[in-house]
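To start, the structure under review is shown below, and the notes come after it.
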Amino acid sequence: MTNKTMNNKTMTNKTVEAIKYGSNPTTQELFELVNAYDITMLSIQDRNHKTILEMDVNHFDSYKTEYEFGQLNTDTKCIINQSDILSTESTWLESEDMIHIKCCLSDGGYMNLVIFHASSGQKLTASQEYYEIGLYELNELLQKTSGDKPEYSCSVVKVKNRFGFHMRMAYPKQTFVDMENDDTNGELSIEDDVNFLKIAVMDDACNQFYQKDNDETVEIVIKPYSEPFIEIRMVFEKLS
């Protein structure tokens, strides 16, 4: 686990504990929770509590005068001027296992952030010993699963999103990146006897790849371009 990951995890835990016990974290600390959890629902309401915008987000960034909420690896975003936020409060909803962050806006309206599965929904890559890698490092690993003397065997692939979809492949017969496809700068192909998955993996700025090294296995997590709530997890066994 990198120092940055450990620091982020520690800060997240401190913020969550502060909310549980009724303390008042800063606005920045509260908004950073969006980066720590799988899914957060953002809504904007007018002064009469009528909802005028609602979207799922899993990414937050802060700039000099603005806050940006969005969906990973897409252009979908909501930008709020920092000066428009007059106050922020947070509540731990224990019975629903949710965190509610409410902001009063300068026009009399409100911005709400609702974090689901607050006790268990932190991102896998944020809470465990994963580090970020690039497309070519992923390709190098996949190449080591084939040939006369393979070093790894892909034992399982799990594909899921945050809305209930799950797919599992055991010992897929193909796992490779087509680096010759100029249209997409590579396509990831995974195939077993029943399922076939093919997804564009463009440059690293559009996708996210994470790796975790264990004694006997290597785990890869892929968050593909334009699919902000899909996660592909691949486990590779080291061959002796």
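The values are calculated or read from the model by the stated rules, or taken from the named source; none is laboratory data. Here the structure is a predicted model, which is why all the values come from computation and not from measurement. For neighbour counting, all protein chains shown are included, and Cβ atoms are generated from backbone atoms with ideal geometry for every residue, glycine included. Side chains are part of the model used for accessible areas, which takes the heavy atoms of the whole protein and leaves out ligands, DNA and RNA. Shrake-Rupley method; radii C 1.70, N 1.55, O 1.52, S 1.80 Å.
From the set of residues in segment 156-175 that are surrounded by 16 or more Cβ atoms within 10 Å (Cβ to Cβ) and out of contact with any Pro (no Cβ under 7 Å at 6 or more places or on another chain), which is modelled with the lowest pLDDT?
As a first pass, look at segment 156-175 and keep what is surrounded by 16 or more Cβ atoms within 10 Å (Cβ to Cβ): 156-157, 159, 162, 169, 172, 175.
Now restrict to residues that are out of contact with any Pro (no Cβ under 7 Å at 6 or more places or on another chain): 156, 159, 162, 169, 172, 175.
Details: Val156: 93, Val159: 89, Arg162: 71, Met169: 89, Pro172: 89, Thr175: 87.
Top of the filtered list is Arg162.
Being farther than 14 Å from Leu142 by Cβ, at pLDDT 85 or above and not in a loop (DSSP other than H, G, I, E, B) is the filter; apply it to segment 189-222 and report the residue that is most open to solvent (accessible area, probe 1.4 Å).
Out of the qualifying residues, it is Phe196.
Pick from Leu124, Leu138, Leu113: which is within 30 Å of Gln82 (Cβ to Cβ) and either within 21 Å of the chain's Cα centre (by Cα) or surrounded by 15 or more Cβ atoms within 10 Å (Cβ to Cβ) (or both)?
Exactly one residue qualifies, and that residue is Leu113.
Being of a type outside the set (S, T, N, Q) and under 25 Å from Gly70 (Cα atoms) is true for just one of Phe196, Phe176, Phe229. Which residue is that?
Phe229
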